[in-house]
Amino acid sequence: QAPLVESGGGLVQAGGSLRLSCAASRTIFSLYAMGWYRQAPGKQRELVATLTTGGSTNYADSVKGRFTISRDNAKMTVNLQMNSLKPEDTAVYYCNARRDLNSYWGQGTQVTVSS
């Protein structure tokens, strides 16, 4: 089984909301800092939000106030609630888990925001 499995992408109109989920193994969920990144066509992959094991969060300026990263301990998922979506949020979103020199990536989930 893949270490990280994303779900929840799709097509939404501008101003709408989507919720992405990243399911992780127990070890990764417990020990790794988690994050969401995105890559739009023709652009480099960029950080969207991160969440440490201690609960500290960090957001890209472009999503502050609109996106929220959180953990669901019962389901062992890391979620990204995306509100007030804009066409420029269109990208493939990737879940990442990181600890020291180890890093895992999910397969990516497409988010498309229509104007």
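The values are calculated or read from the model by the stated rules, or taken from the named source; none is laboratory data. Given the structure is predicted, the values throughout are model-derived calculations rather than measurements. For neighbour counting, all protein chains shown are included, and Cβ atoms are generated from backbone atoms with ideal geometry for every residue, glycine included. Just the protein is used for accessible areas: all its heavy atoms, side chains included, with ligands, DNA and RNA removed. Shrake-Rupley method; radii C 1.70, N 1.55, O 1.52, S 1.80 Å.
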Residue by residue through the range 99-115, note down the ones that are closer than 18 Å to SER21 by Cβ and surrounded by 15 or more Cβ atoms within 10 Å (Cβ to Cβ).
TYR104, TRP105, GLY106, GLY108, THR109, VAL111, THR112
If you check SER62 against the conditions, is it assigned to a strand (DSSP E or B) and either surrounded by fewer than 17 Cβ atoms within 10 Å (Cβ to Cβ) or among the small types (Gly, Ala, Ser) (or both)?
no
In contact (Cβ under 8 Å) with a residue 24 or more places away in the chain, of a type in the set (Ser, Thr, Tyr), out of contact with any Leu (no Cβ under 7 Å at 6 or more places or on another chain) and assigned to a strand (DSSP E or B) - does that describe any residue in the range 74-89?
yes
Here the residues within the range 18-46 that are at pLDDT 95 or above, open to solvent by 60 Å² or more (accessible area, probe 1.4 Å) and in contact with a strand residue (DSSP E or B) (Cβ under 9 Å, 6 or more places away or on another chain) are ARG19, GLN39, LYS43, ARG45, GLU46
Which one of the conditions (1) closer than 18 Å to ILE28 by Cβ; (2) in a strand (DSSP E or B); (3) open to solvent by less than 60 Å² (accessible area, probe 1.4 Å) does ARG71 fail to meet, given that it meets all the rest?
(3)
For the range 11-35, which residues satisfy the criterion of being in a strand (DSSP E or B) and either farther than 18 Å from ILE69 by Cα or in contact with a Cys (Cβ under 6 Å, 6 or more places away or on another chain) (or both)?
LEU11, VAL12, GLN13, CYS22
